[in-house]
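Everything on this sheet refers to the single structure shown next.
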């Protein structure tokens, strides 16, 4: 094996990201495995008054109140009955310099897949009629499209983060 081919192989390995795949309705999604803190079976959460219907409430995760979002409702799909395959994926991301944690309720967890950056297709522009703010791209896996979930955009949403990231601009005198 030549030195160059070993370096190429190392470069290919380094450019591969792993995604935990899950289902919401009949759609497949993937979230970067490094954003996943843990996966839990569905359990009742403490309801918080005056929150949108898709905010199921909060769960106690080792002393921290973690908001839990029903992704079927958040993605404007029909409400599902929770069953033995329903899980809460605990996600984490750094937003405005702080680590944020939230749980998303999904129908089931599927598998871990690998995707190279050159395999990720840009999310199509559907105009103002379809909101794709939480989708960072698409990957074809065996003829089926997997939508890649954008954890940071999701956690920046006002339902989860009341702080807005602001780019500093030069002072005008």
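The values are calculated or read from the model by the stated rules, or taken from the named source; none is laboratory data. Note that the structure is a prediction, hence the values are computed from the model and not measured. Neighbour counts are summed over all protein chains in view; Cβ atoms, including those assigned to glycine, are modelled from backbone coordinates with ideal geometry.
Pairs meeting the criteria (first residue in segment 21-41 and on the phi < 0 side of the Ramachandran plot and at pLDDT below 95, second residue in a loop (DSSP other than H, G, I, E, B) and buried (at least 19 other Cβ atoms within 10 Å of the Cβ), beta carbons under 7 Å, at least 6 apart or on different chains) are 23/107; 24/107. As a summary of the residue check, residue 56 satisfies the conditions (1) farther than 14 Å from residue 154 by Cβ; (2) under 19 Å from the mean Cα position of the chain (by Cα); (3) surrounded by fewer than 20 Cβ atoms within 10 Å (Cβ to Cβ) except for the one numbered (3).
Return the only residue of 101, 88 being surrounded by fewer than 18 Cβ atoms within 10 Å (Cβ to Cβ), in contact (Cβ under 8 Å) with a residue 40 or more places away in the chain and under 14 Å from the mean Cα position of the chain (by Cα).
Details: 88 fails: surrounded by fewer than 18 Cβ atoms within 10 Å (Cβ to Cβ).
After applying the criteria, what remains is 101.
Exactly one residue out of 83, 111 is surrounded by fewer than 17 Cβ atoms within 10 Å (Cβ to Cβ), closer than 21 Å to residue 17 by Cα and at pLDDT 90 or above, and it is 111. If I filter segment 123-130 for residues that are modelled with pLDDT under 90, surrounded by 13 or more Cβ atoms within 10 Å (Cβ to Cβ) and touching a helix residue (DSSP H, G or I) at 6+ places or on another chain (Cβ under 8 Å), do I get at least one hit? So far as segment 123-130 goes, no, none of its residues is modelled with pLDDT under 90, surrounded by 13 or more Cβ atoms within 10 Å (Cβ to Cβ) and touching a helix residue (DSSP H, G or I) at 6+ places or on another chain (Cβ under 8 Å).
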